[in-house]
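Trainee: Take a look at this one; I'll ask things after.
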Amino acid sequence: MDKSGSKEAQDAKPLRHGYTTGSNAAAATKAALTALITQDEQTEATIHLPIGQDVTFTIVRCEFTLERAETEVIKDGGDDPDATHGARIIAEVTWRDESGIELDGGIGVGRVTKPGLPVEVGEAAINPVPRKMIRQAANDVLKQFEVDRGVRVVISVPDGEEIAKKTLNGRLGILGGISILGTRGTVVPFSTAAYKASVAQAIRVAVKCGCEHIVLSTGGRTEKYGIDMYPELSEEAFVEMGDFVGFALLHCKRQGIKRVTMVGMMGKFSKIAQGVMMVHSKSAPIDFGFLAKVALEAGATEEQAELIRGANTAALVGDWMQAWGYPGFFELLSSYCCDMGLKEVGGGMELDTVIISMKAVLLGSARRIGAEDR
């Protein structure tokens, strides 16, 4: 019997990771600047990803003159493609009179119009890690060819404005196109049975290694914060659950884990606080009415609550609550997360919630010990 076509066999196959818009933009930048300097057509570019891997990208178009070069790559989203899968990512590189590397977004790259995002208002929506990757790629080429000149890099996505309609950019105040994103360099297929299986496997490994306390994080930065919080725990105790909060908590319960700590940021944890246990950006929107309610409970004024109802990101709400002097807001939100998490699993464990900022600063925490539901 041929099992290769069965759903089980397909789910068992390792999923192919894709590469972020940031990685593609960095590769295109490296190829374009190399073509500008060497005056040779480039067919591929190899860059170093934040997770420590070297990856080679295919350059599908390369054009250049003595003063300008432009290259294009096609974004590959892997086995869990998002709205940007197949997008054309273009880097245009020109010389500039001033020293240093100037970076901007062109057609199809959004422009930030509201606060609360990692990029300042008015800037192209190229996030901090991609910015660093693009600049590093350009600096590497300049160093390789011993060139001491200023460079201007413009990243464009010709279909970006249309693609952005399938994203939350409009709601976030990013207008005119998509964002250039990525913190790892790779696109991890979060919304799949195989990823859930990897979470379950990590929890089972932790149990087998004798872990009674597991730290669940939503991503790389929150996992690092958890590791710094609990240096006494073994590496097996730290599990990156991604968006699958309810699944991870239930699996911890089934495996007999006595204590679980969840570490995350405002956006995803504001959803957990309401009982949303799958926190992918497409699973449920941020409920700013709920955040306004919590703010009122923490002592905020009705005027402040009204501002929160009209906010564009949960991170911005967090910034406001800090600025307005309501640290109790984060404790309340953490408590709600604990309560909803214990409700999800039916009690029977100790559950901590730790909320941090995008700059890895502790905002608030809470702890609950849930008796087993009868």
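Trainee: Restricting the count to DSSP beta bridges whose residues both fall in region 18-187, what percent are antiparallel, rounded to a multiple of 5?
Mentor: Among the beta bridges of region 18-187, antiparallel pairing accounts for roughly 80 percent.
Trainee: I would also like to ask the following. Compute and list, largest first, the equivalent-ellipsoid semi-axes of region 137-235 from the alpha carbon gyration tensor, each √(5λ) rounded to a whole angstrom.
Mentor: Details: eigenvalues 282, 110, 34 Å².
Its equivalent ellipsoid spans semi-axes of 38, 23, 13 Å.
Trainee: Residue 144: net charge of surrounding residues, Cβ under 14 Å, Lys/Arg +1, Asp/Glu -1, itself excluded?
Mentor: -1
Trainee: Still on this structure: Based on other C-beta atoms within 10 Å, arrange 254, 152 from fewest to most.
Mentor: Values: 254 13, 152 17.
Taking fewest neighbouring Cβ atoms as first place, the list is 254, 152.
Trainee: For region 63-214, report the convex hull volume of the alpha-carbon atoms normalised per residue, in Å³, without decimals.
Mentor: 167
Trainee: Related question: If you plug each phi of region 94-107 into the Karplus form 6.51 cos²θ - 1.76 cosθ + 1.60 with θ = phi - 60°, what whole-Hz ³J(HN,Hα) values come out, in order, with x for Gly and Pro?
Mentor: 9, 6, 10, 5, 6, 6, x, 10, 9, 10, 8, x, x, 4
Trainee: Using amide H atoms built 1.01 Å from N in the peptide plane, name the residues 5+ places from residue 366, or on other chains, whose amide H lies under 5 Å from its own.
Mentor: The list, which skips near neighbours in sequence, is 353.
Trainee: Could you tell me what percent of the DSSP beta bridges with both partners in region 210-295 are antiparallel, to the nearest 5?
Mentor: Rounded to the nearest five, the antiparallel share is 10 percent.
Trainee: So, one more: Could you list 258, 268 so that the one with the fewest beta carbons within 10 Å of its beta carbon is first and the one with the most is last?
Mentor: By the 10 Å Cβ count, ascending, the order reads 258, 268.
Trainee: Once phi is turned into ³J(HN,Hα) by the Karplus curve 6.51 cos²θ - 1.76 cosθ + 1.60 with θ = phi - 60°, what whole-Hz value does each residue of region 210-215 show in order, with x for glycine and proline?
Mentor: Calculated HN-Hα couplings, in order: x, 6, 10, 10, 10, 10 Hz.
Trainee: Here's something else I'd like to know. Could you give the length gained on full extension between residue 56 and residue 144, defined as 0.36 nm per residue of separation minus the Cα-Cα distance, in nm?
Mentor: 29.9 nm
Trainee: Now, a different point. I need the calculated FRET efficiency for the pair residue 230 and residue 43, taking r as the beta carbon distance and R₀ as 56 Å, to the nearest 0.05.
Mentor: Given R0 = 56 Å and the Cβ-Cβ separation, E is 0.75.
Trainee: Same structure again: Applying a 10 Å radius around every beta-carbon, put 343-354, 46-57 in order of their mean neighbour count, most first.
Mentor: Values: 343-354: 19.7, 46-57: 15.0.
With the highest mean Cβ count within 10 Å placed first, the list reads 343-354, 46-57.
Trainee: Here is a follow-up. Quick one: Kirkwood hydrodynamic radius for the chain, alpha-carbon pairs, angstrom, one decimal? List each step's numbers first, then the result.
Mentor: Values: mean 1/r = 0.0448 Å⁻¹.
Hydrodynamic radius (Kirkwood, Cα pairs) of the chain is 22.3 Å.
Trainee: Here's a follow-up. If contacts are Cα pairs under 8 angstrom and at least 6 residues apart, what is the relative contact order of the chain in percent?
Mentor: Reported as a whole number, the value is 14 percent.
Trainee: What is the Cα centroid distance between region 326-343 and region 250-300, reported in whole angstrom?
Mentor: What the calculation gives is 8 Å, centre to centre.
Trainee: Moving on. From Cα coordinates alone, what are the radius of gyration and Dmax values for region 281-374 in angstrom?
Mentor: Rg then Dmax for region 281-374, in Å: 14.2, 43.
Trainee: Okay, moving on. Calculate one ³J(HN,Hα) per residue across region 238-251 by plugging θ = phi - 60° into the Karplus curve 6.51 cos²θ - 1.76 cosθ + 1.60, and present them in order as whole Hz with x for glycine and proline.
Mentor: Result, ordered by residue: 9, 10, 8, 7, x, 8, 8, 5, x, 4, 5, 4, 4, 5 Hz.
Trainee: Separate question: At 37 °C and a viscosity of 0.692 mPa s, what translational diffusion coefficient does Stokes-Einstein give for region 193-370, taking Rh as the Kirkwood radius over Cα pairs? Give it in µm²/s as a whole number.
Mentor: Answer, rounded: 203 µm²/s.
Trainee: Only Cα pairs under 8 Å and at least 6 apart count here; give the relative contact order of region 18-187 as a rounded whole percent.
Mentor: For region 18-187, the relative contact order is 30 percent.
Trainee: Okay, moving on. Please list the non-local residues whose amide H lies under 5 Å from the amide H of residue 102, H modeled 1.01 Å from N, same-chain partners needing a gap of 5 or more.
Mentor: So residue 102 has HN proximity to 151, 152, 153.
Trainee: On to the next question. Distance cut-off 29 Å, Cα to Cα: go down the list 196/268; 208/271; 75/208; 166/271; 132/196; 132/165 and report the pairs above it.
Mentor: Violating the 29 Å Cα-Cα cut-off are 208/271; 75/208; 132/196.
Trainee: How do 179, 283, 335 rank when sorted from fewest to most other Cβ atoms within 10 Å of their own Cβ?
Mentor: Values: 179 28, 283 13, 335 18.
Least to most surrounded, the residues fall as 283, 335, 179.
Bear in mind these aren't lab numbers, they're just calculated from the coordinates by the rules spelled out. Small disclaimer: the values here were computed from a predicted structure and weren't measured. When we count neighbours, we look across all protein chains shown, and the Cβ atoms used for this are built from the backbone with ideal geometry, even at glycine.
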